[in-house]
Amino acid sequence: MNTKQVQSIVKAPENSSAFDTAQISGLSLKDQVLFEQFGQGPLVDLPFQRVHYGFEKFAKTQPQAVAVDHLGRTITYGELNRQANQLSLELIQRGIGPGDYVGLFLERSIEMVIGIFAILKTGAAYIPQDARITPSNQLRHILNTAQAKVVLTVSHLKHKIPLTDEVEMIAIDELNLQSKTNKWGQLLPIKSQPEQDELCFLLFTSGTTGMPNGVKVSHENVINIINTAPGNLGIRPGLKVSQILNISFDMSAWETLGALTNGATLLIRGKDIGETTRKADVIIATPSVLGGLDPEKHQNVKVVAVAGEPCPQALADRWSEFCNFHNSCGPTETTIINTLQPYSPVARQLTIGRPTPNNTVYILNEDLMPCKIGEIGEMWAGGKCVTKGYINNDALTNERYRPDPFLGGDHVMFRTRDLGRWTRNGELQHFGRTDDQVKIKGFRVELDSISTALESVSGCKQAVSLKLDSVTLVSFVKTNSINIERCYDAVQALLPYYCTPKIIIPVTELPRTDRGKIDKRALTQLAVEKIEAADKEQGELK
């Protein structure tokens, strides 16, 4: 498939509810009905066409409302819009416009938010990276891949930016945007070509070659989740939304853009996450990050949404006692999330919910044929959530993005590599990733099922299981105090004998990556060290 064919496939789908019955004819009549009924989210209209239009609406209707609060420094909606307009014109004068990419290499700050909206107002897409912690070789790779002409940063991080003759750097805090003298003049509307599905941001995810792959995310992709229910989480003027995640993580866009396109105040964290979340009405986090917060100190929180990794049932039960809790799922390529469950303890069963509006989920087998309702298969995602492919990587785009045979036409579906099945009431149970479905001694083992069994033991806050080699399983339990023998008993009672880990390691904290997910590399190293130490001790006893 050539580049032109890839571009023709990876485009925004149209609203349609008619599944091609020929593609599901292998199912029973009942399952055919459920395959379509369960697999398709509600069809709704989007409130606007560009992300910044949502923000500009509130800049006009509530200009004096606080838009962003960072460590006591605040900026109103009106002032944020004014400064973003000025910076936008600065970018336009330097040749930035629709179809361009602009690096946003800085840190969590008010300048970060000004930069986001300034870039979007030019018609360009932003590339968020935390310049404090992203290695310079990765920043250089990102700039080269995107052919970015300009990088926005702040003065104290300028030395971190690997510049070339082709890239210009602008330190936002050196432009004196606070000045009321508008030397930039009046901002004119940016006109995009009608045939372009304008991109909002370019997000770089982990790559198999060691360098990240850039995922092209459109305005429509983003608006479809953060400005429709339930993905908008009920965010509205008067509420405060915490911004605690790494700015290069797609869930950070849920925090930042979700708050400011729905009229709320964004609370940007400093070093102490809890200091920020305790003041918030809405928290968006990974389960690992949320697990590090004390629910007793967050009783004022109204809404919590988690995604990015499996959520322990105990964590969902505890937080849902006093706030609206949402468990959700979706890789970067399906725009933050594409399924969501509003969870309450009465529900009893924690799932990843149903497809979000204008989106579909298909459970398919290895031959891309529909699984029976209730059978475990791989989840393929379709609809407006599906992003526009990988930048400069047609081979990977062709591998992961496919024409949608069920909706047909120009519709596209994405291979999530997540395993799931439908429950009787049409919700999705998550069974980990295909990568986490491993073979031990010839038997197929789902690592997440081991972790779930461990999380049923009193004292286990969260569990993670790994495969070290062809015969060795190891598990970690986050706990303050636990009976390890009961952990082994729980696994043996619920799962076949070959699922029992060789060693279960209790830890007070699970290491996290800079994106707030479990750091499995660090856990693997710890497991190797523990096993070597145990083997050495056993040898000495002999």
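Laboratory data are not the source of any read-out in this text; all were calculated from the coordinates shown. Keep in mind the model is a prediction, meaning the values are calculated, not measured. Neighbour counts run over all protein chains shown; Cβ positions are idealised from the backbone, glycine included.
Ranking Phe414, Phe105 by Cβ neighbours within 10 Å, fewest first, what do you get? If you can, show how the numbers build up before the last one.
On the way: Phe414 26, Phe105 29.
The order, fewest Cβ neighbours first, is Phe414, Phe105.
Treating the angle as unsigned and between 0 and 90°, give the value, to the nearest 10°, between the Cα long axis of helix 110-122 and the longest Cα principal axis of the chain. Rounded to the nearest ten degrees, it is 70. Under 5 Å from the amide H of Lys302 lie the amide H atoms of Val282, each residue being 5 or more positions distant or on a separate chain, with H modelled from the backbone and absent for Pro and chain starts.
Spin-label model, Ser28/Asn480: points 7 Å from Cα along the beta carbon direction are separated by 4.9 nm. Extending 7 Å from Cα along the Cβ direction at Glu296 and again at Gln147 yields two label points whose distance is 5.8 nm. Remark: segment 268-280, residue by residue, has Karplus-estimated 3J(HN,Hα) of 8, 6, x, 6, 9, 4, x, 4, 7, 5, 5, 9, 8 Hz, where x stands for each Gly or Pro and the curve is 6.51 cos²θ - 1.76 cosθ + 1.60 at θ = phi - 60°. Checking (i) 38, 28, 23; (ii) 43, 29, 20; (iii) 49, 34, 21 against the coordinates, the calculated semi-axes √(5λ) of the Cα gyration tensor in Å falls under label (i). The packing ranking of peptides 35-48, 309-322, 111-124, highest mean first, is 111-124, 309-322, 35-48, where packing means the average number of other beta carbon atoms within 10 angstrom of each residue.
Working note: Karplus 6.51/-1.76/1.60 with θ = phi - 60° gives segment 288-297 the couplings 5, 5, 4, x, x, 9, 8, x, 4, 9 Hz, where Gly and Pro are set to x.
Close amide H contacts of Asp519 (hydrogens built in the peptide plane, cut-off under 5 Å, sequence separation of 5 or more or a different chain): Arg512, Thr513. Here the Debye sum runs over all C-alpha atoms of segment 51-334 as equal scatterers in vacuum, and log10 of I(q)/I(0) at q = 0.08, 0.16 Å⁻¹ comes out as -0.32, -1.32. Residues whose amide H lies under 5 Å from that of Asn338, counting only those 5 or more places away or on a different chain, are Cys329, Gly330; hydrogens are built 1.01 Å from N in the peptide plane. When the alpha carbon gyration tensor of segment 441-541 is reduced to an equivalent ellipsoid, the three semi-axes, largest first, read 19, 18, 15 Å. Here segment 218-333 is treated as an ellipsoid with the same Cα gyration tensor; its semi-axes, largest first and in whole Å, are 20, 16, 14. Applied to segment 32-39, the Karplus parametrisation 6.51 cos²θ - 1.76 cosθ + 1.60 on θ = phi - 60° returns per-residue 3J(HN,Hα) values of 4, 5, 6, 4, 7, 5, 6, x Hz, with x for Gly and Pro.
From the alpha carbon centroid of segment 453-514 to that of segment 125-171 is 41 Å.
I'd like the Kirkwood hydrodynamic radius of segment 354-449, using the inverse of the mean 1/r over distinct C-alpha pairs, in Å. Could the numbers behind the result be given before it?
Details: mean 1/r = 0.0696 Å⁻¹.
Across segment 354-449, the inverse of the average 1/r is 14.4 Å.
Only Cα pairs under 8 Å and 6+ residues apart enter the sum, and on that basis the relative contact order of the chain stands at 14 percent. Beta bridges per DSSP, both residues in the chain: antiparallel share near 60 percent.
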